[in-house]
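The block underneath contains the structure these notes are about, expressed in structure tokens.
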Amino acid sequence: MIDLRSDTVTRPTPAMRAAMAAADVGDDVYAEDPTVNRLQERVAELLGKEAALCTPSGVMANQIAVKCHTQPGDEVIVEERGHIFNYETAGAAFLSNVQIRPVRGVRGALRVEDIVPAIRSAVYYNPRTTLICLENTHNSAGGTVYPLDEMKRVHAFSRTEHLAVHLDGARLWNAAVASGIPLSTWAACADTVSVCFSKGLGAPVGSAIAGSAETIARARTIRKIYGGGMRQAGILAAAALYALDHHVDRLAEDHAKARILAEQAVEAPGVSVDLDGVQTNIVIMDVQQSGRTAAEIIRRAKEQGVLLSDMGPTVVRAVTHMDVTLEQTRAAAAVLRTVLAG
Ligand code: TLP
């Protein structure tokens, strides 16, 4: 099977496993795991933040951020197709008792003019808008890279409006590699940033949240409440450190593979692919005009050895990653073309 459901399906390489086996460990609930501490320092430095905290998942990192920046009853602005709104099992409502205000952006990127009408006025019966969540790259929009100028404008606006900004940077590595813009430049536009090691970087588990020392101290408490305090987590941190050393630059290969898939998919009648939006490792295909459903396409591709995922009743997603070779990508592109052509 050629598994293009997600870049989360990557398995640790033998070299990564060796690094994990050799990891120096301690009890991270006491903040005494040297490898976890090393990873947190490295992430904070890469993102230009005072501190960072490892979490077991990207969802936990995002949900800790929402909790850190809000009070119950607040409203949080999230792009309409954003992960925090759509794919975190209503976690913000469940854990932080906040209301999400979905706002449509352009290719997943919120501009100031999109946000302004969604800010609540300070009337007592309105919810209080306190947080804006951005996503880079944007998953559902097709792995799009946030235009840096727009993100800078959103950040400047947030300062005048006294709003916090959280950046879901699960795939910020991809954005940095695709754009050549350093991670810290993106991160400077947000108060907190989450990043994942378990997606394109190929680590088996793990994410992190970075921000001010004060916010990260609070995040540590919330992580414990959410059951995310781990003990000898250095074994996992070693995989992430290995990934940071060896698997970042190679993301460019995944981006090239996504283009191969997109260029085949766009040829099929009734299939819509935003080719200019295929900027990293995700290809979103809308098959609505072909009269078929995502489920049907996914079933037929699976019969031919290619696994895809759905992002809506007529929306199919393919994600390239390090466990799919160029040759397999070409084979998958041929299958995709046949299946999409019906
Ligand atoms: N996304 C998953 C699914 O939940 C859709 C995937 O396969 O892409 N932020 C973004 C932008 C993400 O894409 C994801 C994972 C997360 C956060 C959450 O990461 P995990 O699943 O590790 O908690």
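The values are calculated or read from the model by the stated rules, or taken from the named source; none is laboratory data. All of these numbers come straight from a predicted model, not from anything done at the bench. Note that each Cβ is placed from the backbone with ideal geometry, even for glycine, and that neighbours are counted across all protein chains shown. Note: areas computed on protein heavy atoms with side chains; ligands, DNA, RNA excluded. Shrake-Rupley method; radii C 1.70, N 1.55, O 1.52, S 1.80 Å.
Scanning the range 279-292 for residues that are buried (at least 21 other Cβ atoms within 10 Å of the Cβ), closer than 21 Å to Val145 by Cβ and not polar (S, T, N, Q) turns up Ile282, Val283, Ile284, Met285. Put simply, of Ala262, Ala318, Ala295, Ala258 the only residue that is surrounded by 22 or more Cβ atoms within 10 Å (Cβ to Cβ), of a type in the set (Gly, Ala, Ser) and free of Cβ contacts under 8 Å to residues at least 60 places away in the same chain is Ala262. Evaluate the range 48-57: report whether one residue or more is more than 15 Å from the ligand (Cβ to nearest atom), closer than 18 Å to Trp186 by Cα and not small (Gly, Ala, Ser). So far as the range 48-57 goes, yes, one or more of its residues are more than 15 Å from the ligand (Cβ to nearest atom), closer than 18 Å to Trp186 by Cα and not small (Gly, Ala, Ser). Looking across the range 146-168, the residues that are more than 13 Å from the ligand (Cβ to nearest atom) and under 18 Å from the mean Cα position of the chain (by Cα) come down to Pro147, Leu148, Met151, Val165.
Pairs meeting the criteria (first residue in the range 134-163 and within 16 Å of Val103 (Cα to Cα), second residue more than 10 Å from the ligand (Cβ to nearest atom) and at pLDDT below 95, beta carbons under 7 Å, at least 6 apart or on different chains) are lacking. Yes or no: Arg171 at pLDDT 95 or above and more than 16 Å from the ligand (Cβ to nearest atom)? Spelling it out, it is not the case that Arg171 is at pLDDT 95 or above and more than 16 Å from the ligand (Cβ to nearest atom).
Within the range 286-342, if we keep just the residues that are of a type in the set (D, E, K, R) and touching a helix residue (DSSP H, G or I) at 6+ places or on another chain (Cβ under 6 Å), the residue that is nearest to the ligand (Cβ to nearest atom) turns out to be Asp310.
Could you say whether any residue in the range 189-206 is out of contact with any Ser or Thr (no Cβ under 7 Å at 6 or more places or on another chain), surrounded by fewer than 18 Cβ atoms within 10 Å (Cβ to Cβ) and in a loop (DSSP other than H, G, I, E, B)? Checked against the condition, which is being out of contact with any Ser or Thr (no Cβ under 7 Å at 6 or more places or on another chain), surrounded by fewer than 18 Cβ atoms within 10 Å (Cβ to Cβ) and in a loop (DSSP other than H, G, I, E, B), the range 189-206 yields no hits at all. Within the range 12-48, the residues that satisfy the criterion of being open to solvent by 40 Å² or more (accessible area, probe 1.4 Å), charged (D, E, K, R) and either over 22 Å from the mean Cα position of the chain (by Cα) or assigned by TED's automatic domain parsing to the domain that holds Ile282 (or both) are Arg17, Asp24, Glu32, Arg38. When you look at Thr329, is it of a type outside the set (Lys, Arg), surrounded by 17 or more Cβ atoms within 10 Å (Cβ to Cβ), touching a residue at least 60 places away in the same chain (Cβ under 8 Å) and in a helix (DSSP H, G or I), yes or no? It is true that Thr329 is of a type outside the set (Lys, Arg), surrounded by 17 or more Cβ atoms within 10 Å (Cβ to Cβ), touching a residue at least 60 places away in the same chain (Cβ under 8 Å) and in a helix (DSSP H, G or I). For the range 57-76, the set of residues classified as more than 24 Å from Gly143 (Cβ to Cβ), buried (at least 18 other Cβ atoms within 10 Å of the Cβ) and out of contact with any helix residue (DSSP H, G or I) (no Cβ under 7 Å at 6 or more places or on another chain) consists of His69, Asp74, Glu75, listed by residue number.
Restricting attention to the range 112-129, report how many residues are surrounded by 19 or more Cβ atoms within 10 Å (Cβ to Cβ) and under 15 Å from Gln71 (Cβ atoms).
Of the residues in that region, 1 qualify.
With respect to being open to solvent by less than 20 Å² (accessible area, probe 1.4 Å), outside the structural domain of Pro147 (by TED's automatic domain parsing) and free of Cβ contacts under 8 Å to residues at least 40 places away in the same chain, Ala268 falls outside the description. Taken over the range 1-22, the criterion of being in a helix (DSSP H, G or I) and not basic (Lys, Arg) is satisfied by Asp7, Thr8, Val9, Pro14, Ala15, Met16, Ala18, Ala19, Met20, Ala21. Of all the residues in the range 77-111, those that are away from the ligand (no atom under 15 Å from the Cβ) and either open to solvent by less than 40 Å² (accessible area, probe 1.4 Å) or among the basic types (Lys, Arg) (or both) number 7. Can you confirm whether the range 295-305 contains a residue that is within 16 Å of Glu267 (Cβ to Cβ) and among the charged types (D, E, K, R)? Scanning the range 295-305 turns up no residue that is within 16 Å of Glu267 (Cβ to Cβ) and among the charged types (D, E, K, R).
Annotation note: of Glu263, Glu214, the sole residue that is in the same structural domain as Arg38 (by TED's automatic domain parsing) and either more than 16 Å from the ligand (Cβ to nearest atom) or in a strand (DSSP E or B) (or both) is Glu214.
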